[in-house]
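The values are calculated or read from the model by the stated rules, or taken from the named source; none is laboratory data. Quick caveat: nothing in here was measured; it's all calculated off a predicted structure. Ideal geometry is used to build each Cβ from the backbone, glycine not excepted, and the neighbour counts take in all protein chains shown. Surface accessibility is based on the protein's heavy atoms, side chains included, excluding ligands, DNA and RNA. Shrake-Rupley method; radii C 1.70, N 1.55, O 1.52, S 1.80 Å.
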Amino acid sequence: MNYKVTVLVAVYNMARFLPKCLDSLLGQTLKEIQVVCIDDASTDDSLQLLRQYASKDQRIEVITLAENHGQAYARNQGLKQARGKYVCFLDSDD
């Protein structure tokens, strides 16, 4: 798919906010988006939620980090997978 925008979402223990964040992203009028979620070794249900969303919508891709490295590192890992013409960042509690 040709993506116009890639949205990078670094995630660390944000399970309670993820549904609202992802529902908002997927509800945008622009459909040519790639959503790259990087789980930074969460210890809550964040990874499970990300995988559930990814199984229902092909625009969502999940990267899983084995160790927590922080938001900047997670975003840099997501940048490696970005295929959109434009890239933006979204905090997982937004």
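About the Cα centre, and with charges only on the beta carbon of Lys, Arg (+1) and Asp, Glu (-1), how big is the dipole of the stretch 26-94? Nearest 20 debye, please.
Values: 8 positive and 11 negative charges, 102 e Å.
Here the stretch 26-94 has a charge dipole of around 500 debye.
Residue by residue through the stretch 19-25, which ³J(HN,Hα) values in whole Hz follow from phi under the Karplus form 6.51 cos²θ - 1.76 cosθ + 1.60 (θ = phi - 60°), with glycine and proline marked x?
Working through the residues one at a time gives x, 5, 4, 5, 4, 5, 4 Hz.
Using 1/(1 + (r/R0)^6) with R0 = 30 angstrom and r between the beta carbons of N68 and T29, what's the FRET efficiency to the nearest 0.05?
Values: r = 35 Å, r/R0 = 1.16.
Rounded to the nearest 0.05, the efficiency is 0.30.
Distance between the C-alpha centers of the stretch 73-93 and the stretch 11-42? Whole Å please.
Comparing the Cα centres of the stretch 73-93 and the stretch 11-42, I get a distance of 11 Å.
Which of the residue pairs K31/K85; K20/K85; K56/K80 have a Cα-Cα distance greater than 20 Å in the structure shown?
K20/K85; K56/K80
With runs of 4+ DSSP H residues as the only contributors, calculate the mean residue ellipticity of the chain at 222 nm using -39,500 (n - 2.57) per run, divided by the residue total and rounded to the nearest 500.
Calculated at 222 nm, the ellipticity per residue is -9000 deg cm²/dmol.
If you plug each phi of the stretch 70-84 into the Karplus form 6.51 cos²θ - 1.76 cosθ + 1.60 with θ = phi - 60°, what whole-Hz ³J(HN,Hα) values come out, in order, with x for Gly and Pro?
x, 4, 4, 4, 4, 5, 5, 5, x, 4, 5, 9, 5, 10, x
Rolling a 1.4 angstrom probe over the protein heavy atoms, how many square angstrom per residue are accessible across the chain? Could you put the intermediate results ahead of the total?
Numbers: 5450 Å² over 94 residues.
Per residue, the chain has an accessible area of 58 Å².
From the list (i) 13.1, 38; (ii) 12.7, 44; (iii) 11.9, 35, can you say which value of Rg and Dmax of the Cα atoms in Å was derived from the structure given?
It is the one labelled (iii).
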